[in-house]
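Heads up: the structure comes next, in structure tokens.
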Amino acid sequence: MSTALTLTTATDADVPRLARFVNRAYRGEDARLGWTTEAHLLDGQRIDEAGVEEMLHLPRATFVLAQDAGGELLGCVHLRACPEHLYLSMLAVDPARQGAGIGRFLLQSAEEHARQQGCPRIRMTVISVRQELLAYYQRQGYQPTGATEPFPTDTRFGIPRQPLELLVLEKEVIFGDEVRK
Ligand SMILES: CC(C)(COP(=O)(O)OP(=O)(O)OC[C@H]1O[C@@H](n2cnc3c(N)ncnc32)[C@H](O)[C@@H]1OP(=O)(O)O)[C@@H](O)C(=O)NCCC(=O)NCCS
């Protein structure tokens, strides 16, 4: 990765720019600049400011931000420690900066966070028809568990253009030399 990145955790002051950033990466014309997007599958927003604020204040949750030296937001990921796993969501990279390793860097930071929180695995859900994204996550060590979840019907998260389903993916976290069961 050529850009020097700094990782920080979001505060309330980051809510407006985070909501703008996530919507730009997931939906609309700008999202189509990236190598993977859900803009062809969903209309509407990915999230609003109230939703970001709610996620920020969930128990044992954090938004990790990747910024360049000038403080420009280049990537983010939401992490929530649950008893059985670390739940990872809203991984997003600036569409103009994708393919340079920022996504991988954020996934590595999630593994470090899981170790710090004592979470034995990381869980995420991915829309089942996003084959290129599923292949990416599998190359990063995430495997489908066989479980599925319905796509949320709450239109605050978008309006599907076709029936959508979510696949549950997990990755075991390595603690030292051991995988903790
Ligand atoms: C998913 C996302 C976070 C990845 O971030 P990124 O910074 O581009 O990721 P990286 O640079 O670490 O890796 C890019 C990967 O894409 C692959 N890639 C690049 N162009 C591609 C293409 N046209 N088709 C398929 N894969 C491609 C690269 O080979 C690389 O994979 P590898 O490291 O296994 O070789 C980013 O694309 C994004 O924000 N997408 C929109 C939001 C989203 O859909 N988030 C995930 C929701 S679950």
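Whether any residue in the stretch 94-117 is among the hydrophobic types (A, V, I, L, M, F, W, C), more than 15 Å from the ligand (Cβ to nearest atom) and either open to solvent by less than 20 Å² (accessible area, probe 1.4 Å) or touching a residue at least 60 places away in the same chain (Cβ under 8 Å) (or both) is what I want to check.
Scanning the stretch 94-117 turns up at least one residue that is among the hydrophobic types (A, V, I, L, M, F, W, C), more than 15 Å from the ligand (Cβ to nearest atom) and either open to solvent by less than 20 Å² (accessible area, probe 1.4 Å) or touching a residue at least 60 places away in the same chain (Cβ under 8 Å) (or both).
Please go through the stretch 38-51 and give me each residue that is open to solvent by less than 20 Å² (accessible area, probe 1.4 Å) and either polar (S, T, N, Q) or free of Cβ contacts under 8 Å to residues at least 40 places away in the same chain (or both), ordered by number.
Ala39
Could you list, in sequence order, all residues of the stretch 1-37 that are in contact (Cβ under 8 Å) with a residue 60 or more places away in the chain, part of a helix (DSSP H, G or I) and surrounded by fewer than 19 Cβ atoms within 10 Å (Cβ to Cβ)?
Matches in the stretch 1-37: Asp30 only.
Mind listing whichever residues of the stretch 126-149 are of a type in the set (S, T, N, Q), open to solvent by 40 Å² or more (accessible area, probe 1.4 Å) and either more than 12 Å from the ligand (Cβ to nearest atom) or closer than 23 Å to Leu65 by Cβ (or both)? Before the answer, list the steps.
The first filter runs over the stretch 126-149 and keeps only residues of a type in the set (S, T, N, Q), leaving 128, 131, 138, 140, 143, 145, 148.
If we keep only those that are open to solvent by 40 Å² or more (accessible area, probe 1.4 Å) too, we end up with 131, 138, 143, 145, 148.
If the condition is that a residue be of a type in the set (S, T, N, Q), open to solvent by 40 Å² or more (accessible area, probe 1.4 Å) and either more than 12 Å from the ligand (Cβ to nearest atom) or closer than 23 Å to Leu65 by Cβ (or both), then Gln143, Thr145, Thr148 are the ones that fit.
Among (1) within 16 Å of the ligand (Cβ to nearest atom); (2) open to solvent by less than 60 Å² (accessible area, probe 1.4 Å); (3) touching a helix residue (DSSP H, G or I) at 6+ places or on another chain (Cβ under 9 Å), which single condition is Arg121 missing?
(1)
The values are calculated or read from the model by the stated rules, or taken from the named source; none is laboratory data. All figures in this text were calculated on a predicted structure; none of them were measured in a lab. When we count neighbours, we look across all protein chains shown, and the Cβ atoms used for this are built from the backbone with ideal geometry, even at glycine. These accessible areas exclude ligands, DNA and RNA; they are computed on the full protein's heavy atoms, side chains included. Shrake-Rupley method; radii C 1.70, N 1.55, O 1.52, S 1.80 Å.
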